[in-house]
Structure formats: C-alpha cells, structure tokens
Amino acid sequence: MSDFERGYARSIPQTADMSVDAGLRAFMLGVYNKMALGLLVSAVLAYSVANIAPVRDLLYVVNANGALAGYTILGMVLAFAPLVLVLVSGFIMKNPSPAASGALYWGIVALIGASGAVWVLRYTGASIASTFLITATSFGALSLFGYTTKRDLQGMGTFLIMGVWGLLIAGLVNMFLQQPMISLIISAAGVLIFAGLTAYDTQRLKLTYYELGGDQRAMAVATNYGALSLYLDFINLFQFLLSLLGARRS
C-alpha cells in the first residue's frame, strides 16, 4: 500500500528516553483504539445486514430457517470487494494523506462488516461469541509478545506473507473443488499464519514509530495502516477459528 505496508521494519534503537517511550505508548494506543472501533463497526454492520431482510436478500440466499444457503451475484461481489480494494490501493496510494488512508481503513471495515453477515447466517450466535472471545484472548497475547520480544521477526514475517498468498490461491481453487479436507487444512494453516502475523505486525508498528522520528503527518498515516493491518489479522484469525470451532446453523 505504501511505505507503511509490511516488510520494511528495522532494528529498534538500543536507547530511548522516557518521552519517546510515552510517545510510543500513545501511538500504539491510537492504533489499538482505531482497530477496536473498526471491529465494533464491523460487528454492528454484520448483524444489521443479517437481520434486515430486504438488505440480506440482496446479498444472500437463505433457507426456511434463515440459515445461509448461498450468495447472490451482488453478495459474491461484496465478498471479494475488500480484497480488491486492498490490492488496488497498493498501486494507487503511493504517498497517502491521513485522510486518504483513513478513508481506506473505514471503507474496508464497512465492506468486511457487510460481508461478515455470512458468519451470522452460517453459525450460531453462541459459537460466534465464544470464538470471538478465544480470538480476542489469543490476539492480545500474540500482540503483547510482538510488542515485548527482542527477537527480530522480520524473517518470519516474510515467510508468513508468502503463506497468505498461498491461502488465497488454495481458497480460490477449493471454491471449485469443494473438498472438506482441503477446507480444514486451509483453516488450520490460516490460524497459524495470522497468529504469527499478529506478533509480526505489532513489532513492525513499534519499529515504524522509531523510524518516523516524530513526523506527525506520517504517524497519522501509519496509525491508519497499522490499525488496518491488525484489524485484518484479527478478522482472519477469527474467521479461520470460526470455521474450525463454530457450530453451524441448520
């Protein structure tokens, strides 16, 4: 997407005064707050779309019990829209402003929220709630590890990003094959990959703060992209865990 995308992190300075540490905490808190608000907005949109019949029926086909039976054409477009927006933005947003990066973040949040109605229609509310708690706990522990570890996660991050592309390709292929075993392998691999990316992205954001050297405009952009990275890590971790642990509606 820009210089704030994955893959450029370097080493943390060995010494940092208290003002820098306080600034780092404020920066990371801004990222986490924006990410949390994005998750809340997505949840509200997902439940609204799933429960407002005229909107739901534009996107999804449901059975007599209100459970997911398929997608409409518009629903298929919506399902792929967030990925398309992320990829397109990587080409057209080379030097984004805070406003543009913020619009990108909230646009993706809205699209994923609307398309997330599929989880509400496919899984029971109890399994969604329990999986969310598992995801939140795991995400918190992994992010804390990424923030505090002295180990350089750069090499692991490069490998994991390659794994994300592998997941995308495997998922597209299995859309046609519809093999349950392949779906299970993809979900298990997805949990491992996005667990690792949670730690990696957290460390990358910490390094970003030091590299920006107090540039307020750049940090505003980095906050938006940082929130986006962690938001996507959380959403994907939740999605893959839900496919493994969730109880389907009949």
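The values are calculated or read from the model by the stated rules, or taken from the named source; none is laboratory data. Just so it is clear, the structure is predicted and the values come from calculations on it, not from any experiment. A quick note on method: Cβ atoms are made from the backbone with ideal geometry, for glycine too, and the neighbour counts reach across all protein chains shown. Heads up: the accessible areas ignore ligands, DNA and RNA and are worked out on the full protein's heavy atoms, side chains in. Shrake-Rupley method; radii C 1.70, N 1.55, O 1.52, S 1.80 Å.
Order these peptides, 27-33, 244-250, 190-196, by their mean beta-carbon neighbour count within 10 angstrom, highest first.
190-196, 27-33, 244-250
If you plug each phi of the stretch 62-67 into the Karplus form 6.51 cos²θ - 1.76 cosθ + 1.60 with θ = phi - 60°, what whole-Hz ³J(HN,Hα) values come out, in order, with x for Gly and Pro?
Computed from phi, the couplings for the stretch 62-67 are 10, 8, 5, 8, x, 8 Hz.
Each residue of the stretch 205-210 in turn: what ³J(HN,Hα) in whole Hz from Karplus with 6.51, -1.76, 1.60 and θ = phi - 60°, glycine and Pro shown as x?
In residue order, the calculated couplings are 5, 4, 5, 4, 4, 5 Hz.
In whole Å, what is the distance between the alpha-carbon centres of the stretch 166-204 and the stretch 19-68?
After rounding, the separation between the Cα centres reads 21 Å.
Out of Asn51, Leu168, Gly75, whose Cα points farthest toward the positive end of the dipole of the chain (charges: +1 Lys, Arg; -1 Asp, Glu; placed on Cβ)?
The listed residue farthest towards the positive side: Asn51.
Once you list every other residue whose beta carbon is under 12 Å from the beta carbon of Ala195, what net charge do they have if Lys and Arg are +1 and Asp and Glu are -1?
Cβ neighbours under 12 Å give a net charge of -2.
Extending each Cα 7 Å along its Cβ direction at Glu211 and Thr72, get the distance between those two points in nm, one decimal.
4.4
Okay, which of the stretch 209-250 sit inside 18 Å, backbone N to the point 7 Å along the Cα-Cβ direction of Val62?
247-250
If I compute solvent accessible area with a 1.4 Å probe over the protein chains, what percent of it on the stretch 208-250 is carbon and sulfur?
50
Keeping every protein chain present and rolling a 1.4 Å probe, give me the accessible area per residue for the chain in Å².
Heavy-atom accessible area per residue stands at 50 Å².
Once amide H atoms are built 1.01 Å from N in the peptide plane, which residues 5 or more positions from Ala69, or in another chain, come under 5 Å H to H?
Those lying under 5 Å, H to H, from Ala69 are Val61, Val62, Asn63.
So, counting K/R as plus one and D/E as minus one, what does the shell of residues with Cβ under 14 Å around Ala126 add up to?
Once all neighbours under 14 Å are counted, the net charge is +3.
How high is the FRET efficiency between Val86 and Thr158 when r is their beta carbon distance and R₀ equals 30 Å, given to the nearest 0.05?
The value I calculate is 0.95.
Based on the mean of other beta carbon atoms within 10 Å per residue, what is the order of 93-102, 162-171, most packed first?
Ranking, from highest mean packing down: 93-102, 162-171.
Can you work out ³J(HN,Hα) from phi for every residue in the stretch 165-178, in order, using Karplus 6.51 cos²θ - 1.76 cosθ + 1.60 and θ = phi - 60°, giving whole Hz and x for Gly and Pro?
Listing the rounded values in order: 4, x, 4, 4, 5, 5, x, 5, 5, 6, 4, 8, 7, 6 Hz.
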